[in-house]
1. Output the residues belonging to region 149-193 that are within 16 Å of LEU227 (Cβ to Cβ) and hydroxyl-bearing (Ser, Thr, Tyr).
2. Condition check: surrounded by fewer than 21 Cβ atoms within 10 Å (Cβ to Cβ), outside any loop (DSSP other than H, G, I, E, B) and of a type outside the set (A, V, I, L, M, F, W, C). Does TYR48 satisfy that?
3. Of all residues in region 122-169, which are surrounded by fewer than 18 Cβ atoms within 10 Å (Cβ to Cβ) and part of a loop (DSSP other than H, G, I, E, B)?
4. Output the qualifying pairs, or none if there are none: Cβ atoms under 8 angstrom, residues six or more apart or on different chains, first residue in region 124-136 and touching a residue at least 60 places away in the same chain (Cβ under 8 Å), second residue among the polar types (S, T, N, Q) and not in a helix (DSSP H, G or I).
5. Restricting to region 84-116, name every residue that is surrounded by 21 or more Cβ atoms within 10 Å (Cβ to Cβ), modelled with pLDDT of 95 or more and of a type outside the set (A, V, I, L, M).
6. For region 229-236, check the following and say yes or no: at least one residue is open to solvent by 60 Å² or more (accessible area, probe 1.4 Å) and modelled with pLDDT under 95.
7. In region 181-236, which helices (runs of 4 or more DSSP H) lie fully inside it and hold 1 or more residues that are of a type in the set (Asp, Glu), under 11 Å from ILE127 (Cα atoms) and touching a His at 6+ places or on another chain (Cβ under 7 Å)?
8. Please work out which one of (1) open to solvent by 30 Å² or more (accessible area, probe 1.4 Å); (2) in contact with a helix residue (DSSP H, G or I) (Cβ under 8 Å, 6 or more places away or on another chain); (3) modelled with pLDDT of 95 or more is the condition GLN193 fails and give its number.
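The values are calculated or read from the model by the stated rules, or taken from the named source; none is laboratory data. The structure presented is a predicted model; accordingly, all values stated were derived computationally and were not measured. So basically every Cβ, Gly included, is an ideal-geometry build from the backbone, and we count neighbours across all protein chains shown. To get the accessible areas, we keep the full protein, side chains included, count just its heavy atoms, and leave off ligands, DNA and RNA. Shrake-Rupley method; radii C 1.70, N 1.55, O 1.52, S 1.80 Å.
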Amino acid sequence: MLRNICRYHRQFGLVIWPFPQGHHVPRLSTHLQKAKYASAITERKKFYENVSISQVDGGLFEINLDKRKLKTPGGKLFTVPNEALAIAVATEWDVQKETLKFYTMHLTTLCNTALDNPTQRTKEQMISAALKFLETDTICYRVEEPPGLVELQTNEWEPVMNWIEQRYNVVIGSSSNIMGPQIPEETKETFRQHLHSYNFWSLTGLEYVITQLKSLILSLGLIDRHLSVEQAVLLSRLEEEYQIQSWGNVEWAHDYDMYELQARTAAGAMFVHLSSESTAVKRKILRD
């Protein structure tokens, strides 16, 4: 799965930053509200030639643009917890051409969010926010018509639902009622305990994936390597894809939206895995 993540991340999505202090950036999501953290559309002329990483006290790693140390939008020194994530972020900066396309640099944005924590949320608040998605999870809502879409949802979503219920020994269920299924408190508590095993950085990445897929279930399926990026994205867009098959679409626009969603989802999943990585990266990887 990580091979797919890397491929889509390289091809379609990188990450975001440094804007001049005080520069306004549109909002990224309802969960990352405080201004500078969002899906930026700004570009900037490239101002560096070389990108490198260096280890500092505490086992952290910095990103260096020529002789400048990268900083966060909040003015903090940009440091990441391990070498693997540092290399991934440095690669985002290294592949930029004459113009820095910040909107393609998702890993950098996620690091900035974890470092600055612009909304000052605690780990418990992030877990509660993730669990709220379970109550409105994409694959918990089923239609009653047309028959073709009913069959498609049953065939494609039900195996994922069965997997997660068995994997975590929980009951979730589905509903065609606008209020959605009644999620048992035991199920919420099981997922709460599981999410507590994530560190703050990993939760930042998981929340980003959940926001893309509108589904905690699909996000855990992706992080647990039960689903590929392509599968998770397609399952999150099942009704839209059904409508497109029935009525057609503007091909280039559909493909662009699909690839963008795959890129963002892949970046988030990569961030979860890399921010959980504790082992050093062998020098051979850098040479390759």
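1. Scanning region 149-193 gives a single hit, TYR168.
2. no
3. Hits for region 122-169 are THR122, THR136, ARG142, VAL143, GLU144, GLU145, PRO146, ASN169.
4. That search, which allows pairs on different chains as well, returns PHE133/SER215.
5. GLU92, TRP93, HIS106, THR108, THR109, CYS111, ASN112, THR113 - these are the residues of region 84-116 that are surrounded by 21 or more Cβ atoms within 10 Å (Cβ to Cβ), modelled with pLDDT of 95 or more and of a type outside the set (A, V, I, L, M).
6. We begin by selecting, within region 229-236, every residue open to solvent by 60 Å² or more (accessible area, probe 1.4 Å); these are 231, 234.
From what's left, modelled with pLDDT under 95: none.
Among the residues of region 229-236, not one is open to solvent by 60 Å² or more (accessible area, probe 1.4 Å) and modelled with pLDDT under 95, which makes the answer no.
7. 200-213
8. In the conditions (1) open to solvent by 30 Å² or more (accessible area, probe 1.4 Å); (2) in contact with a helix residue (DSSP H, G or I) (Cβ under 8 Å, 6 or more places away or on another chain); (3) modelled with pLDDT of 95 or more, GLN193 misses (2) alone.
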